[in-house]
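For reference, the structure I am asking about is given below.
The values are calculated or read from the model by the stated rules, or taken from the named source; none is laboratory data. Note that the structure is predicted; figures quoted are calculated from it, not measured. Every residue, glycine among them, receives a Cβ derived from its backbone with ideal geometry; neighbour counts consider all protein chains shown. All accessible areas refer to the heavy atoms of the entire protein, side chains included, with ligands and DNA or RNA removed. Shrake-Rupley method; radii C 1.70, N 1.55, O 1.52, S 1.80 Å.
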Amino acid sequence: MAEANWYVVHTYSGYENKVKANIEKTIENRHLEEEILEVRVPMQDVVELKNGARRTVQKKMFPGYVLINMVMNDDTWYVVRNTRGVTGFVGPGSKPVPLSEAEMRPLGIKTENVSVDFAEGDAIAVIAGVWKDTVGVVQRMDFSKQTATINVELFGRETPVEISFAEVRKMS
């Protein structure tokens with residue numbers, strides 16, 4: 001299988017989240033999970049002053065653009081290019097150009113592989129974040145996103161939660 005790279009897709013301004021949702025729906029419908037790995041709308045925290053009150057809000061880093069981690073082939077190109085709201089890939093002519101390591105670093109996209117000491121079925125403890133001090137069993141692991149999905153009890157029901165590898169440790 002070819003290697004997945006990050007590509008930049010140009011969209012109509014204000015349609016970034018809609019394009020992300022449409023591509024994710026198409027991935028699910030056409031079973032392209034192995035070829036289109038992740039769709040992102042990069043956000044950043046910005047402090048706004050309104051009526052004398054400071055508040056932190058999330059704003060798009062690049063309005064009009066969506067980042068996609070995918071294996072480039074005719075099928076994936078066609079799916080992304082023909083998604084409603086997409087005007088095209090960033091690159092000369094009709095040839096998409098993947099982002100380089102140096103271009104991805106400031107976006108917070110990590111490319112190095114992390115090795116973890118737990119696997120599916122192992123009990124882990126969450127050591128940081130919203131679910132800190134929660135214990136769960138790993139249901140699924142996604143190495144491209146560097147996340148583990150665990151079930152936690154929420155309102156008396158088992159609920160799947162996605163947690164970063166950096167926020168968990170294996171129970172001894």
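Hey, of (1) 30; (2) 52; (3) 43, which did the structure itself give for percent of Cα pairs over 23 Å apart when calculated?
Answer label, from the structure shown: (2).
Output the 0 to 90 degree angle, nearest 10, between the alpha-carbon long axis of helix 16-30 and the longest principal axis computed from the alpha carbons of the chain.
Approximately 80 degrees, to the nearest ten.
Can you send over the carbon and sulfur percentage of the accessible area for the chain, probe radius 1.4 Å, protein chains only?
48
Divide by every residue of the chain the summed helix terms, -39500 (n - 2.57) for each DSSP H run of at least 4, and state the resulting mean residue ellipticity at 222 nm, rounded to the nearest 500 deg cm²/dmol.
After summing the helix terms and dividing by residue count, I get -4500 deg cm²/dmol.
Considering only Cα-Cα distances, which of the following residue pairs are longer than 32 Å: 20/50; 18/170; 59/95; 59/132; 20/132; 20/95?
Going by Cα-Cα distance, 18/170 fall outside the 32 Å limit.
Moving on to the next point. For 143, 62, give the ranking by accessible area with the largest first, probe 1.4 Å.
Result of the area sort, largest leading: 143, 62.
Students sometimes get this wrong: rank 10, 31 by accessible area, probe 1.4 Å, all chains present, largest first.
Order by accessible area, largest first: 31, 10.
Using a 10 angstrom Cβ neighbour count of at most 12 plus a DSSP loop assignment to flag exposed trypsin sites (Lys or Arg not before Pro), which longest range of the chain is free of such sites?
It runs 1-83.
How much of residue 154 can a 1.4 Å solvent probe reach, expressed as accessible area in Å² and rounded to 10?
For residue 154, solvent-accessible area is about 60 Å².
Here's a follow-up. For Cα pairs less than 8 Å apart in space and 6+ apart in sequence, what is the mean separation divided by the residue count of region 1-68, i.e. the relative contact order in percent?
Relative contact order here is 45 percent.
Under the definition of Cα pairs under 8 Å and six or more residues apart, what whole-number percent is the relative contact order of region 1-155?
In percent, rounded to a whole number, it is 24.
Taking the solvent-accessible surface of protein heavy atoms with a 1.4 Å probe, what is the per residue accessible area of region 47-172 in Å²?
Dividing the accessible area of region 47-172 by its residue count gives 66 Å².
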